[in-house]
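The values are calculated or read from the model by the stated rules, or taken from the named source; none is laboratory data. Predicted, not measured: the structure shown is a model, and the values here were computed from it. Reconstructed Cβ throughout: ideal geometry from the backbone, glycine too, with neighbour counts over all protein chains shown. Protein only, heavy atoms only, side chains kept; ligands, DNA and RNA dropped before computing areas. Shrake-Rupley method; radii C 1.70, N 1.55, O 1.52, S 1.80 Å.
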Amino acid sequence: MSYATILFAIDGPVARLTLNRPDKLNSFTAEMHGELADAFTRIESPESGARAVLITGTGRGFCAGQDLGQRRGGEAPDLGHTIDTLYNPLIRRMRALKMPIVCAVNGVAAGAGANFAFACDIVLAARSASFMQAFARIGLVPDSGGTWILPRLAGPARARALAMLAERITAEQAAAWGLIWQVVDDDRLAAEAAALAERLAAMPTRALGAIKMALDAAETSTLDAQLDRERDLQRELGRSADYAEGVAAFLEKRAPAFKGR
Ligand code: LHQ
């Protein structure tokens with residue numbers, strides 16, 4: 001599988017997806033969106049064997065959002081079309097993917113690049129990485145789910161200031177505000193993120209997929225509806241091979257061997 005703007009490989013149960021336009025801080029182009037979509041189609045295929053995804057970037061940046069170099073001159077573009085056809089499908093797909101996505105933010109994550117990272121399930125960042133809701137600097141609103149996820153992760157007061165001031169914050173600040181899971185030393189990021197993805201890939205995949213779904217659904221649910229949803233998911237998972245294995249392993253005092261079924 002060879003692409004021009006991303007690196008992609010499925011190593012056993014971990015799909016590794018690396019944004020690879022380092023000269024432009026891995027900013028998004030239409031071509032990159034097309035390649036990401038193709039990679040996700042491969043990941044979603046039952047034959048892929050993938051049970052976790054690891055996303056990162058090459059070079060000193062993670063992703064600087066939309067490639068603004070492609071946006072100069074000519075008539076005013078229909079950004080709604082770009083969002084509708086490229087960004088929204090990507091974010092929807094990531095949230096709906098029935099396996100965990102680990103993000104290793106190796107450098108600056110700006111604009112849609114930051115919200116692409118926040119759409120992942122567990123985000124690690126290098127100590128030198130930074131995050132910026134760059135949109136207001138160029139007259140735009142946070143997209144790629146930014147207006148939805150920022151207040152949920154960081155609270156409404158911080159979400160507003162982050163979005164309006166468009167200041168760059170450190171990885172430490174992002175962790176302190178609950179935007180990401182953990183900060184790790186730069187030279188440990190790749191190894192820690194890979195270990196985390198491998199650990200998740202050995203877990204009961206269906207349960208992890210159900211956790212993603214239940215937590216997102218909770219954002220618009222009543223407690224009553226959510227209690228029913230948990231019942232339904234538990235009923236379904238209670239019939240899974242991984243649940244049987246988890247209980248058997250516990251009783252037999254051994255490590256479980258989950259298959260993601
Ligand atoms: C870039 C970019 C970039 C191209 C750095 N494009 N080249 C959705 C739908 C449709 C349209 C609009 O947008 C969206 C969503 C969005 O994402 S809007 C937000 C777009 N992103 C930004 O506004 C961020 C722009 N970049 C920056 O503010 C800075 O580059 C950051 C703060 C990310 C990093 O700053 P530095 O570490 O100082 O790096 P740099 O600015 O020197 O950038 C390095 C190179 O990367 C440089 O190229 P050059 O040829 O001069 O070395 C930049 O031009 C290029 N680059 N971001 N988004």
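Out of all the residues in region 33-43, is one or more open to solvent by 10 Å² or more (accessible area, probe 1.4 Å) and either in contact with a Lys or Arg (Cβ under 7 Å, 6 or more places away or on another chain) or closer than 21 Å to ALA190 by Cα (or both)? No: zero hits. Of the helices (runs of 4 or more DSSP H) contained entirely in region 50-133, those carrying at least 1 residues that are closer than 25 Å to ALA197 by Cβ and within 12 Å of the ligand (Cβ to nearest atom) fall at 88-96, 112-118.
Exactly one residue among GLU172, GLU192 is open to solvent by 80 Å² or more (accessible area, probe 1.4 Å) and more than 16 Å from the ligand (Cβ to nearest atom), and that residue is GLU172. Could you check region 17-49 and list, in sequence order, the residues that are outside any loop (DSSP other than H, G, I, E, B), touching a residue at least 40 places away in the same chain (Cβ under 8 Å) and either acidic (Asp, Glu) or touching a helix residue (DSSP H, G or I) at 6+ places or on another chain (Cβ under 9 Å) (or both)? LEU19, LYS24, PHE28, ALA30, HIS33, LEU36, ALA37, PHE40, ARG42, GLU44, listed by residue number.
How about region 136-145: which of its residues are within 15 Å of the chain's Cα centre (by Cα) and either more than 9 Å from the ligand (Cβ to nearest atom) or surrounded by fewer than 16 Cβ atoms within 10 Å (Cβ to Cβ) (or both)?
Across region 136-145, the qualifying residue is only GLY145.
Residues in region 154-169 that are surrounded by fewer than 17 Cβ atoms within 10 Å (Cβ to Cβ) and of a type outside the set (Gly, Ala, Ser): PRO156, ARG160, MET164, LEU165, GLU167, ARG168.
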